[in-house]
Amino acid sequence: MIRFEDVSVTYDGAAEPTVRGVDFEVPEGELVLLAGPSGVGKSTVLGAVGGLVPHFTGGTLSGRVTVAGRDTRTHKPRELADVVGTVGQDPLSHFVTDTVEDELAYGMESLGLAPDVMRRRVEETLDLLGLSGLRSRPIATLSGGQQQRVAIGSVLTPHPQVLVLDEPTSALDPAAAEEVLAVLQRLVHDLGTTVLMAEHRLERVIQYADQVVLLPAPGEAPLLGAPAEVMAVSPVYPPVVDLGRLAGWSPLPLTIRDARRRASGLRERLAGREIPDRTPPASAVLPAPPAPRPAASRWRRRAKHPEPAPAPYAAEVRSLSVRRDRVQALHHVDLTVSPGETVALMGRNGAGKSTLLSALVGLVEPSAGSVRAGDAVPHRTAPRDLVRRVGLVPQEPRDLLYADTVAAECAAADRDADATPGTCRALLTELLPGVTDDMHPRDLSEGQRLTLALSVVLTARPPLLLLDEPTRGLDYAAKARLAGILRGLAAEGHAIVLATHDVELAAELAHRVVLLAEGEVIADGPAADVVVASPSYAPQVAKVLAPRKWLTVAQVREALA
């Protein structure tokens, strides 16, 4: 169904091809997973299937890509629209209408389908993706995860032969991700749809894949094979595979069920071992202020903005209610975060996580209750002053990026934070090596853009750091580097609040987990207690080694050592 024949893609102005020597075939009616580290060209490979590369992106494509016998060099995207449905990493760039129902119907209208067919397919898709309650909602009012489901639904309604999906579950909560993957599996098994997807959260999708295509590194040939065989040599792999490697299991397990069947010996070895403590320090050192500018500028700033006395909490929310349009987004929320503490906000899409972060950074005003970030009331504090107290990395990193190059973006961040020149660039290099100064932020992958935005925010070293889905688009190595930096910031006294669907990140970092549902706090406690008690939010290691509360492979490795 999809055939790559020695394909290389070089974008305009690039010294080297983004992908080189890609040669593999995706049979009809299979779900094939495209895996590999961030920045190896997965999105480029996916874009070539629908003709977006090079007809829309520009650049030069050598070799040949055919889909259902059509050569993408001679067929533009509109000439492949009846065969290929594509959903990119950014659902907002995908939408052309205002409401959910209109968006689901738009692709079929473009293909000239009959109204009765369109109506039936819209209803089927609303039910398949759990969107029936949102059919009349403006897309702009939906959460990121809800928008992701609408984007997927809009390409399902025309019933394409091939689905191309780039990070389809990255913005979804665990339950919603399972629903989407179950729908994809049904399309593959029952209707013979061919699915090619890239996904960094391999723990969610590896068990559904018929085959895996591994893009190891720029310039290396891709590897195509059975999931267990590819995971044995892959530089990226989910926690259950990591646990299997540590325990020496062969073949490697891909599912919790497979791992539990082999885990009795490992449980016995761990029976007398103590689980490493995850309690935050009782007292934390407040972070050093950003490096000053020259003396005259510094003294003028001090005269206008004297240093405030430290507040007991880095964040304090009391009986907070927020109404957005006609939706009660938050209802009587209480939350305190101490210096040095890392808190994970979790819950279904639309539960109010992003709204709570927006209130803490002053983007929304409470309709009732109070919010404080240290000594500041966020929605009443000037942005220039607030940036040194609280920083937010949003779901859409492009909202923070406006310069033409990475170097200019980092230089602006240094100036805004009064930091030593080079501070932002050093952070970016530590988080994501290989990004050059002259690259344009729009040419970066989704994960690379998010890492750049995080570096921009961290440059000011705010005592309170807020991150909304910070691992979206990051591979396991980049996520590990991010976790190391955040852990170091917490040790220095920074308070960190993560809104995330990534249960593995919460298990790795969080001292506390706060579960939200329908705008209310339904659980608040130590990470091990909250996530292990939840079938949806328990990490893979906890499920394999239950009933003891092991959370990560790193804990197991440390105990065995």
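The values are calculated or read from the model by the stated rules, or taken from the named source; none is laboratory data. The structure displayed is predicted, hence computed values, not measured ones. Heads up, the Cβs are rebuilt from the backbone with ideal geometry, glycines too, and the neighbour counts pull from every protein chain shown. Surface accessibility is based on the protein's heavy atoms, side chains included, excluding ligands, DNA and RNA. Shrake-Rupley method; radii C 1.70, N 1.55, O 1.52, S 1.80 Å.
Here is how the numbers come out for the structure above:
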{"quantity": "Nonlocal amide H pairs with Thr193, under 5 Å, H built at 1.01 Å", "calculated": "Val188"}
{"quantity": "Global size of the range 135-215 as Cα Rg and Dmax, reported in angstrom", "calculated": "12.9, 41"}
{"quantity": "Equivalent-ellipsoid semi-axes of the range 329-438, from the Cα gyration tensor, Å, largest first", "calculated": "30, 17, 14"}
{"quantity": "Dipole in debye (nearest 20) - the range 156-266, about Cα centre, beta carbon charges: Lys, Arg +1; Asp, Glu -1", "calculated": "440"}
{"quantity": "Long-range HN-HN contacts of Val19 with modeled amide H, under 5 Å", "calculated": "Val9"}
{"quantity": "Residue-count net charge about Met1 - beta-carbon cut-off 9 Å; Lys, Arg +1, Asp, Glu -1", "calculated": "-2"}
{"quantity": "With Cα atoms, 0 to 90° folded angle of helix 446-458 axis to the chain main axis", "calculated": "10"}
{"quantity": "Loop sites in the range 226-262: trypsin sites (Lys or Arg not before Pro), DSSP, at most 16 other Cβ within 10 Å", "calculated": "none"}
{"quantity": "Stretchable slack from Ser62 to Glu5, in nm (0.36 nm times residue separation minus alpha-carbon distance)", "calculated": "19.6 nm"}
{"quantity": "Volume per residue that the Cα convex hull of the range 417-470 spans, once the total is divided by residue count, Å³", "calculated": "86"}
{"quantity": "D (Stokes-Einstein, µm²/s), Kirkwood Cα radius, the range 146-275, 1.306 mPa s at 10 °C", "calculated": "96"}
{"quantity": "Separation between Cα centres of the range 407-430 and the range 180-253, rounded to whole Å", "calculated": "37"}
{"quantity": "For the range 1-137: span of alpha carbons on each principal axis (Å, largest first)", "calculated": "48, 29, 25"}
{"quantity": "Neighbourhood net charge (14 Å Cβ-Cβ; Lys/Arg +1, Asp/Glu -1) for Ala403", "calculated": "-3"}
{"quantity": "The chain: angle of helix 476-491 to the longest principal axis, Cα-based, in degrees nearest 10", "calculated": "10"}
{"quantity": "Per-residue HN-Hα couplings for the range 339-355 [Karplus 6.51, -1.76, 1.60; θ = phi - 60°; Hz; x = Gly/Pro]", "calculated": "x, x, 9, 10, 10, 9, 8, 10, x, 4, 4, x, 6, x, 5, 5, 5"}
{"quantity": "Mean-position separation - Cα centroids, the range 1-65 and the range 476-515, in angstrom", "calculated": "33"}
{"quantity": "Dipole magnitude (debye, nearest 20) for the range 408-561, charges at Cβ of Lys, Arg, Asp, Glu", "calculated": "520"}
{"quantity": "Full-stretch length increase - Val327, Ala407 - with 0.36 nm per residue and alpha-carbon distance subtracted", "calculated": "24.7 nm"}
{"quantity": "J(HN,Hα) series, the range 188-194, from Karplus relation 6.51 cos²θ - 1.76 cosθ + 1.60, nearest Hz, glycine and proline x", "calculated": "5, 6, 8, 10, x, 5, 9"}
{"quantity": "Unsatisfied cross-links (Cα-Cα over 28 Å) in the set Lys479/Lys543; Lys42/Lys543; Lys42/Lys549", "calculated": "Lys42/Lys543; Lys42/Lys549"}
{"quantity": "Apportionment of accessible area to carbon and sulfur, the range 324-366, percent (1.4 Å)", "calculated": "43"}
{"quantity": "For the range 144-183, average projected area of the Cα convex hull in nm²", "calculated": "2.7"}
{"quantity": "Mean projection area, nm², convex hull over Cα of the chain", "calculated": "25.8"}
{"quantity": "Considering only the range 93-234, percent of DSSP beta bridges that pair antiparallel, nearest 5", "calculated": "45"}
{"quantity": "Per-selection Kirkwood Rh - the range 27-108 (Cα, Å, 1 d.p.)", "calculated": "14.4"}
{"quantity": "Relative contact order (%) - the range 9-142, alpha-carbon pairs under 8 angstrom, separation at least six", "calculated": "17"}
{"quantity": "Kirkwood Rh in Å, taken over the range 58-182 so that all alpha-carbon pairs contribute", "calculated": "15.3"}
{"quantity": "The range 391-475 - accessible surface per residue (Å², probe 1.4 Å)", "calculated": "35"}
{"quantity": "Helix-only [θ]222 nm of the chain, DSSP H runs n ≥ 4, -39500 (n - 2.57) each, per residue, nearest 500", "calculated": "-10000 deg cm²/dmol"}
{"quantity": "Relative contact order computed over the chain (Cα-Cα under 8 Å; 6+ residues apart), in percent", "calculated": "15"}
{"quantity": "Per-residue ³J(HN,Hα) for the range 410-423, Karplus 6.51 cos²θ - 1.76 cosθ + 1.60, θ = phi - 60°, Hz, x for Gly and Pro", "calculated": "5, 5, 5, 5, 4, 5, 4, 9, 6, 9, 4, x, x, 4"}
{"quantity": "Cα gyration tensor shape of the range 518-560, rounded if a/c is under 1.5, else prolate or oblate by comparing a/b with b/c", "calculated": "prolate"}
{"quantity": "DSSP beta bridge pairing in the chain, given as percent antiparallel to the nearest 5", "calculated": "50"}
{"quantity": "Descending Cα extents along the principal axes, the range 338-380, whole Å", "calculated": "30, 28, 15"}
{"quantity": "Total charge dipole magnitude, the range 1-65, about the Cα centre, Cβ charges on Lys, Arg, Asp, Glu only, Debye to nearest 20", "calculated": "140"}
{"quantity": "Sum of side-chain charges, Thr99 neighbourhood, beta-carbon under 12 Å (Lys, Arg +1; Asp, Glu -1)", "calculated": "-2"}
{"quantity": "Inverse mean reciprocal Cα-Cα distance (Kirkwood Rh) of the range 448-524, Å", "calculated": "13.2"}
{"quantity": "With at most 13 other Cβ atoms within 10 Å, longest stretch of the chain clear of loop chymotrypsin sites (Phe, Trp or Tyr not before Pro) (DSSP)", "calculated": "57-401"}
